[in-house]
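K.L.:
Quick one: the structure is below, questions incoming.
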Amino acid sequence: MIKSLPNKLNRGECEAIALAKNRQALLLCNDKRAIRYCQQEGIESINLPYLLRLFWTRKILSKAQVKHLIERMEQVENLVLKQTVYAKIFSE
């Protein structure tokens, strides 16, 4: 299945999409192209900013805890969030 996925997706995203599709699992991804592909193909997916927003809006974590989580992901995973995305995560 991986070979049949679009070339614009990197190998890791392709592997994750293939696993999600074969296992009928939810894909968590931070790549817009991968999320868009999943939506077109009917593969359940959620993007990272939306998940981070759900953490504090559903009171699973506080805003401070989500901010700390983002900081940790920036350090460990080299996550880079645009200011507009950061604002969407924490908008009232």
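K.L.:
Taking the condition of being among the small types (G, A, S) and either under 20 Å from I70 (Cα atoms) or surrounded by fewer than 16 Cβ atoms within 10 Å (Cβ to Cβ) (or both), how many residues in the stretch 25-44 meet it?
P.N.:
Adding up the residues that qualify gives 2.
K.L.:
Provide a single number: the residues in the stretch 3-25 that are touching a strand residue (DSSP E or B) at 6+ places or on another chain (Cβ under 9 Å) and aliphatic (A, V, I, L, M).
P.N.:
Of the residues in the stretch 3-25, 4 are touching a strand residue (DSSP E or B) at 6+ places or on another chain (Cβ under 9 Å) and aliphatic (A, V, I, L, M).
K.L.:
Another question, if that's okay. Which residues, counting only those in the stretch 65-92, are within 13 Å of the chain's Cα centre (by Cα) and surrounded by 11 or more Cβ atoms within 10 Å (Cβ to Cβ)?
P.N.:
Listed by number, the residues that qualify are I70, M73, L79, L81, V85, I89.
K.L.:
Collect the residues in the stretch 45-64 that are buried (at least 16 other Cβ atoms within 10 Å of the Cβ) and among the charged types (D, E, K, R), keeping them in residue-number order.
P.N.:
Matches in the stretch 45-64: R53 only.
K.L.:
Working only within the stretch 11-44, note down all residues that are within 20 Å of M73 (Cα to Cα) and among the polar types (S, T, N, Q).
P.N.:
N30
K.L.:
Among the listed residues K63, K82, which satisfies the condition of being at pLDDT 95 or above, farther than 22 Å from A25 by Cβ and out of contact with any Asp or Glu (no Cβ under 7 Å at 6 or more places or on another chain)?
P.N.:
K63
K.L.:
Give just the number: which of (1) out of contact with any helix residue (DSSP H, G or I) (no Cβ under 6 Å at 6 or more places or on another chain); (2) buried (at least 18 other Cβ atoms within 10 Å of the Cβ); (3) at pLDDT below 95; (4) not aromatic (F, W, Y) does I17 not satisfy?
P.N.:
That leaves (3) as the condition not met.
K.L.:
Out of all the residues in the stretch 26-56, which are touching a residue at least 24 places away in the same chain (Cβ under 8 Å), in contact with a helix residue (DSSP H, G or I) (Cβ under 6 Å, 6 or more places away or on another chain) and of a type outside the set (A, V, I, L, M)?
P.N.:
N30, S45, P49, R53, W56 - these are the residues of the stretch 26-56 that are touching a residue at least 24 places away in the same chain (Cβ under 8 Å), in contact with a helix residue (DSSP H, G or I) (Cβ under 6 Å, 6 or more places away or on another chain) and of a type outside the set (A, V, I, L, M).
The values are calculated or read from the model by the stated rules, or taken from the named source; none is laboratory data. Computed from a prediction, not measured in an experiment: that's the story for all the values here. For neighbour counting, all protein chains shown are included, and Cβ atoms are generated from backbone atoms with ideal geometry for every residue, glycine included.
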